[in-house]
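Right, one structure below, let's go through it.
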Amino acid sequence: MEPIMIDGTPKTPTVRFDSNEGVFEIKGRSIPENSVEFYKPLVDWLDTYKETPLPKTVVNIRLEYFNTSSSKCILDVFKKLEAIHKAKNEVEVNWYYEEDDEDMLEAGEDYESIIRVPFKMIEIVE
């Protein structure tokens, strides 16, 4: 299946979903005009991927900021990953946050408490 590669803008994150490697990445800022419109292709793509996922899927989330409507869409992405995990495939989420960014750390912890997928909180020290 074709990978999804979206270059980031000041309002939308960079997205790299590669089913051949099983590595998915969302990084940057997520404040699109229409979050549902931006994230729907990713959720649909994951629907297809979950039919024949790799034995291990690694998800790297490295957002510096996201708005409320994006948070709901990101949860939808995580729910698809949870379905892959429930089907006895290994899924690992690496949640990156800046050294003093308590809000982003808490956001990752909130997702971790909702979604039954292993999360790894990774502090970025610069």
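Values quoted throughout were computed directly from the atomic coordinates according to the rules given, and no laboratory measurement underlies them. Since we're looking at a predicted model, the values are computed, not measured. Don't worry about glycine lacking a Cβ; one is built from the backbone with ideal geometry, like all the others, and counts go over all protein chains shown.
Give me a count of the residues in region 111-126 that are part of a helix (DSSP H, G or I), in contact (Cβ under 8 Å) with a residue 24 or more places away in the chain and exposed (fewer than 15 other Cβ atoms within 10 Å of the Cβ).
The first filter runs over region 111-126 and keeps only residues part of a helix (DSSP H, G or I), leaving 111-114.
From what's left, in contact (Cβ under 8 Å) with a residue 24 or more places away in the chain: 111, 114.
Narrowing further to those that are exposed (fewer than 15 other Cβ atoms within 10 Å of the Cβ): 114.
Adding up the residues that qualify gives 1.
What's the total number of residues in region 27-73 that are under 17 Å from Asp103 (Cβ atoms) and within 10 Å of the chain's Cα centre (by Cα)?
The qualifying residues number 4.
Please work out which residue is surrounded by the most Cβ atoms within 10 Å (Cβ to Cβ), limiting yourself to region 1-30 and to residues that are over 20 Å from Val58 (Cβ atoms) and out of contact with any helix residue (DSSP H, G or I) (no Cβ under 7 Å at 6 or more places or on another chain). Don't jump to the end; show me each part of the working.
Within region 1-30, the subset over 20 Å from Val58 (Cβ atoms) is 7, 9-12, 29.
From the residues that got through so far, the ones that are out of contact with any helix residue (DSSP H, G or I) (no Cβ under 7 Å at 6 or more places or on another chain) too are 7, 9-11, 29.
Details: Asp7: 10, Thr9: 12, Pro10: 7, Lys11: 13, Arg29: 18.
Restricting to residues being over 20 Å from Val58 (Cβ atoms) and out of contact with any helix residue (DSSP H, G or I) (no Cβ under 7 Å at 6 or more places or on another chain), the top hit is Arg29.
Could you please give the count of residues in region 31-58 that are farther than 19 Å from Lys88 by Cα and surrounded by 14 or more Cβ atoms within 10 Å (Cβ to Cβ)?
Of all residues in region 31-58, those farther than 19 Å from Lys88 by Cα come to 31-45.
Those left that are additionally surrounded by 14 or more Cβ atoms within 10 Å (Cβ to Cβ): 31-32, 35, 38-39, 42-43, 45.
Within region 31-58, residues that are farther than 19 Å from Lys88 by Cα and surrounded by 14 or more Cβ atoms within 10 Å (Cβ to Cβ) number 8.
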